[in-house]
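One structure is given here, and the rest of the page talks about it.
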Amino acid sequence: MYSAPIEAVIFDCDGVLVDSEEACCLLCAQDAREVGMPVADEDAVLTFSGMALPMIQQKIEHHSGKALGPHWVKNMQARFIEAMKKGVKPMVGVEAMLEAIQALGVPMHVASNSSQDELRVKLTLTGLEKYFTGRIHSARDMRAPKPKPDVYLHAAAMQNVDPSHCLVLEDSDLGAKAAIDAGMTCALFRKEHKPMPQWQKLIRIEKLSDFPALVAQMLKK
């Protein structure tokens, strides 16, 4: 099912390391409703999860038939950062997971659709930045958002690791597609009752605490 041994682990950020996805998606849903796209708060994450802001803008404009303007992405990014400053939290169990993987001696990276400014705020406020010093990569700043594989390929290149020896942890189908298209194995953080794509090199992870065991297993192959 997967390539091994692995030489690097790459994490998405929102919904994997940091519990910020709901707050950001709610802000997008609010703007969507204001221009006529009906998105209930309870559907916000399902509608916008894993999408870069330019893609969200295109989606809202397509469904509403109205333009959000040339500064919407920049303004929304600023709103995201302010929202994070008011109460971003690490995912439950994430620090124990990172400590366990760090103890295995595997380099860890972050590769996200968020901008560097957003990532800096999220990871600093949650105390997670120390695990990824110099290894934080933004698909937004590369102008190649997921599901394009560029940010994952960049992370592998920065570590001088072949993509086939990288393991990714994602929580969205778009992100998982990017990882697999980069030639990597992807663990998708998803509860048992929720469907997931039937793709090769895709593994379901139901709890963050299960991930270090997978990493250790792939190191031994």
Of everything in the range 109-123, what is more than 17 Å from Pro54 (Cα to Cα) and either surrounded by fewer than 19 Cβ atoms within 10 Å (Cβ to Cβ) or basic (Lys, Arg) (or both)? Give them in sequence order. Arg120, Lys122
Tell me, yes or no, whether the range 55-73 has at least one residue that is within 16 Å of Val18 (Cβ to Cβ), part of a helix (DSSP H, G or I) and without any contact (Cβ under 8 Å) to a residue 24 or more places away in the chain. no
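Within the range 107-122, is there a residue that is in a helix (DSSP H, G or I) and farther than 29 Å from Cys166 by Cα?
The initial filter retains those residues of the range 107-122 that are in a helix (DSSP H, G or I), namely 116-122.
Now narrow it down to the ones that are farther than 29 Å from Cys166 by Cα: none.
No, every residue in the range 107-122 fails to be in a helix (DSSP H, G or I) and farther than 29 Å from Cys166 by Cα.
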Note on Leu153: of the conditions (1) farther than 17 Å from Pro5 by Cα; (2) touching a residue at least 40 places away in the same chain (Cβ under 8 Å); (3) not in a loop (DSSP other than H, G, I, E, B), unmet is (2)
Filtering the range 172-193 for residues that are touching a Leu at 6+ places or on another chain (Cβ under 7 Å) and part of a helix (DSSP H, G or I) leaves a count of 2
With the condition kept exactly as written, say whether any residue in the range 32-44 is under 20 Å from the mean Cα position of the chain (by Cα), farther than 30 Å from Met218 by Cα and touching a residue at least 60 places away in the same chain (Cβ under 8 Å). no
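Please find, among Leu219, Leu214, Leu169, the residue that is in a helix (DSSP H, G or I) and either surrounded by fewer than 18 Cβ atoms within 10 Å (Cβ to Cβ) or in contact (Cβ under 8 Å) with a residue 60 or more places away in the chain (or both). Let's see the steps before the verdict.
Working: Leu214 fails: either surrounded by fewer than 18 Cβ atoms within 10 Å (Cβ to Cβ) or in contact (Cβ under 8 Å) with a residue 60 or more places away in the chain (or both); Leu169 fails: in a helix (DSSP H, G or I).
Among Leu219, Leu214, Leu169, only Leu219 is in a helix (DSSP H, G or I) and either surrounded by fewer than 18 Cβ atoms within 10 Å (Cβ to Cβ) or in contact (Cβ under 8 Å) with a residue 60 or more places away in the chain (or both).
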Can you work out which of the residues in the range 46-98 that are among the small types (Gly, Ala, Ser) and within 15 Å of the chain's Cα centre (by Cα) is surrounded by the fewest Cβ atoms within 10 Å (Cβ to Cβ)? Ser49
Determine whether the range 132-140 contains at least one residue that is over 14 Å from the mean Cα position of the chain (by Cα), of a type in the set (Ser, Thr, Tyr), part of a helix (DSSP H, G or I) and farther than 21 Å from Ala52 by Cβ. no
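Since every read-out is calculated from the coordinates, none of them should be taken as a lab result. None of the values given here were measured: they were computed from a predicted structure. Here the Cβ is made from the backbone with ideal geometry for all residues, glycine too, and neighbour counts use every protein chain on show.
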